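Contents: one structure, followed by commentary.
Values in this text are rule-based calculations from the coordinates and carry no lab data. Note that the coordinates shown come from a computational prediction; the quantities given were computed from them, not determined experimentally. Please note: Cβ atoms are built from the backbone with ideal geometry, for glycine as well, and neighbour counts cover all protein chains shown.
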Amino acid sequence: MALWGISTTTETSDNNYAIPKFLQDTDRNNTPHNCFADVRGWVYRNYGTTEQSGLSVDYCDEVIVPVAGLNTAGSSTDTGATGLANATPVAVFFEDINLASPISIGAGGTTGITTGSTGHVHLVFNELVYVSAGATVRLRALDANNANETTAIVATAGSFSNGSTVFNYINDTGIVGNTSFNGQITNRVAFEFTAPSTVLAANVNFLTTTINSTVAIGATNIFVADTTGVVAGVSSISVVGPGTITTRPIVSVASTFVQIGAASTVASVIGIGTVVTFSTRTNATKLFIDASIGFIGVITDVSGGAGVTSSFTSDIIRNVGGAGTTGSVGIGVTTLTVTA
């Protein structure tokens, strides 16, 4: 029964966190992150909205693998009674801002967000949990070179619509309707954040080549072995060593040389073979989910109200199914770029 997630007490990425093995990150139609354990067994939550998280109040739960008491600690005296004990975090990622699940390759994958706009981080557990509004995860903010870290951003767990009722199957009680619960009752918790109002600037290197003809003092034409991707008015050039040049703007490009402005002329002779780097000035801030913090706040297991694991392991911070890439499909990314 290992394929059904009921034969192991170790919940790691190696065994799909006990989630039934036919549900994989790359599955186009059935994301494993809508599957969780409750006292009845493995349940698949089919959302009726594009918002697929604890903020949604429109969903239908389907028991796909009946396993009595699955979200409990099981029984030490009955080896046939397997339980998962406390809920375990299984994934954390940025929600697809297009709210598309499933998404198609090359369309719908989240790669960027604009300044001042709203985004969400999804923290997924393999069991149903209670989440108090106000729980947080921390986002690191760096430039396009993953450097020059600036003030962190806090993403905060919200609450589903006031006045709405959500129904879940609760241990020893059965189906329970919670109205205006101040938080979320879900396995997929949504944390909201606002993108920074300004972004960081950095020179991002894209080509390293060499000088192929000696460059004289005062020259504006610099002969190089390769100009692939160099664009006048966009790219800059840097040379380290004799004749040092640092991020001087390119004013024109030819197949064998680039030209810099007269105000940036070469101060000394640059010899053949000297290394040259081309870069692009990039105005963007990259957001990363901070694995070292985990989440802060109250999240408890629906089974008995015990606390859950609050720390993140490196393998749960991942590109879910490859959204934002061309290799596979999925529903979120681990790095989000903010642009003006």
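Determine, from the Cβ-Cβ distance of T173 and D315 and an R0 of 25 Å, the FRET efficiency 1/(1 + (r/R0)^6), rounded to the nearest 0.05.
0.15
Within the set of other residues whose C-beta is less than 15 Å from the C-beta of Y47, count the net charge using Lys and Arg as +1 and Asp and Glu as -1.
Working: positive: R45, R188; negative: E51, D58, D61, E62, E95, D96.
It works out to a net charge of -4.
Between T12 and V275, how high is the FRET efficiency from 1/(1 + (r/R0)^6) when r is the Cβ-Cβ distance and R₀ = 51 Å? Nearest 0.05.
On the way: r = 44 Å, r/R0 = 0.87.
For T12 and V275, the calculated efficiency is 0.70.
Provide the net charge surrounding H120, with neighbours chosen by a C-beta distance below 11 Å and charges set as Lys +1, Arg +1, Asp -1, Glu -1.
-3
Convex hull over the Cα atoms of segment 203-283, averaged projected area in nm²?
4.4
Kindly state, to the nearest 0.05, the FRET efficiency for A85 paired with V57, given R0 = 30 Å and r defined as their beta-carbon distance. Provide the component values of the computation, followed by the final result.
Values: r = 29 Å, r/R0 = 0.96.
The pair A85/V57 has a calculated efficiency of 0.55.
Under 5 Å between amide hydrogens, which residues at least 5 positions from S268 or on another chain qualify, with H placed 1.01 Å from N in the peptide plane?
Here G218, G243 satisfy the definition.
What is the distance, in nm, between label points placed 7 Å from the Cα along the Cα-to-Cβ direction at T247 and at A216?
Between T247 and A216, the label points sit 3.1 nm apart.
What whole-number distance in Å separates the alpha-carbon centres of segment 117-153 and segment 216-250?
39
T210's amide H: which non-local residues (gap 5+, or another chain) put their own amide H closer than 5 Å, with H modeled 1.01 Å from N in plane and none for Pro or chain starts?
Excluding prolines and chain starts, which carry no amide H, the hits are A225, D226, V276.
Could you give me the ³J(HN,Hα) list for segment 267-281, computed from phi with Karplus coefficients 6.51, -1.76, 1.60 and θ = phi - 60°, whole Hz, x at Gly and Pro?
So the Karplus estimates, Gly and Pro as x, are 7, 8, 5, 10, x, 4, x, 5, 6, 10, 10, 9, 9, 10, 6 Hz.
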